[in-house]
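Quick notes on the structure that follows.
The values are calculated or read from the model by the stated rules, or taken from the named source; none is laboratory data. Keep in mind that what you see is a predicted model, and the values were worked out from it rather than measured. Glycine gets a Cβ as well: all are built from the backbone with ideal geometry, and neighbour counts include every protein chain shown.
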Amino acid sequence: MMNLGAKGAKAEAVPTIGEQDFEREVLRTELPVLLEFSAEWCQPCKAIAPEVAAFAKEMEGKLSVRKIDIDRSPLIARELRIQSVPTFMVFVQGRPVDAVVGAVGKKKLREMVDPYLPRAEGALKAIELAQLLREGRVVTVDTRDAAAFKRAHLPGASNMPIEEIETRLAELHMMPAQPVLYCRSGDKTKALAEKLANEGMPVMFLEGGMLGWESEGLPVERG
């Protein structure tokens with residue numbers, strides 16, 4: 001198979017499929033699929049190949065990322081009315097649900113696929129949490145160290161370092177509303193939430209953590 005992103009070894013992470021693979025790789029897979037339509041002569045496709053490959057690596061286990069060369073698979077390109085490359089298309093349960101034309105980056109790709117990704121138990125997106133906070137239905141718990149909390153935190157958050165959570169569960173559940181844990185990137189609180197859920201003590205956490213909150217342009221408190 002031709003590596004469309006020959007300038008960077010990382011591009012090898014995105015396999016190119018053909019018409020013979022389309023049903024198995026796109027229509028019958030359980031995971032959502034992000035399909036990039038490209039061509040060997042497409043310079044924008046080559047330019048974004050490393051970024052698409054990096055995105056594919058980040059999404060491993062959640063999303064299948066594949067490429068189709070429109071010259072090698074013209075039937076699929078015609079059936080899906082592909083008129084320009086690169087074109088990105090999202091498939092869920094064998095059906096196309098979203099598409100965008102052009103050399104887009106990881107942020108746009110994430111926006112495309114995010115509504116269709118499998119979510120961990122208790123996960124809240126930043127926008128969802130912001131709405132629940134406005135309604136007074138939850139309180140936030142910053143699980144970072146005290147210095148990081150002092151620099152910046154979610155509005156109204158309290159601080160409970162993550163290494164203390166399991167010994168302070170009673171305190172956590174006596175808060176005035178449902179607690180939502182968050183850390184810097186969301187990974188640590190996701191792992192903790194999974195562990196507690198397995199022990200019969202489910203908690204909610206902020207998907208993407210503080211970084212995800214700030215990327216949405218939501219307010220923070222400092223000091």
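Entry remark, segment 39-71: residues being outside any helix (DSSP H, G or I), in contact with a Ser or Thr (Cβ under 8 Å, 6 or more places away or on another chain) and not acidic (Asp, Glu) number 5 in total. Restricted to segment 82-102, and to residues there that are hydrophobic (A, V, I, L, M, F, W, C) and assigned to a loop (DSSP other than H, G, I, E, B), the residue that is farthest from the chain's Cα centre (by Cα) is Ile82.
Applying a threshold of 7 Å to beta carbon distances and a minimum spacing of six or more residues, or different chains, the list of pairs starting in segment 88-113 at a residue that is closer than 20 Å to Glu51 by Cα and ending at one that is of a type in the set (Val, Ile, Thr) and in a loop (DSSP other than H, G, I, E, B) reads Phe88/Val104.
Matching residues to (1) more than 13 Å from Trp213 (Cα to Cα); (2) at pLDDT below 95; (3) aliphatic (A, V, I, L, M):
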| residue | (1), (2), (3) |
| --- | --- |
| Glu128 | no, yes, no |
| Pro161 | yes, no, no |
| Gly186 | no, yes, no |
| Lys190 | yes, yes, no |
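Could you go through segment 103-122 and let me know if any residue there is assigned to a strand (DSSP E or B) and outside the structural domain of Met174 (by TED's automatic domain parsing). No, segment 103-122 contains no residue that is assigned to a strand (DSSP E or B) and outside the structural domain of Met174 (by TED's automatic domain parsing). For the residues Glu79, Glu135, the requirement of being acidic (Asp, Glu), out of contact with any Lys or Arg (no Cβ under 8 Å at 6 or more places or on another chain) and under 22 Å from Phe22 (Cα atoms) singles out Glu79. Picking from residues in segment 75-126 that are in contact with a Cys (Cβ under 9 Å, 6 or more places away or on another chain) and of a type in the set (A, V, I, L, M), the one that is nearest to Gly209 (Cα to Cα) is Ala103. Every test in (1) loosely packed, with under 13 Cβ neighbours inside 10 Å; (2) modelled with pLDDT of 90 or more; (3) touching a strand residue (DSSP E or B) at 6+ places or on another chain (Cβ under 9 Å) is passed by Met174 save one, and that test is (3).
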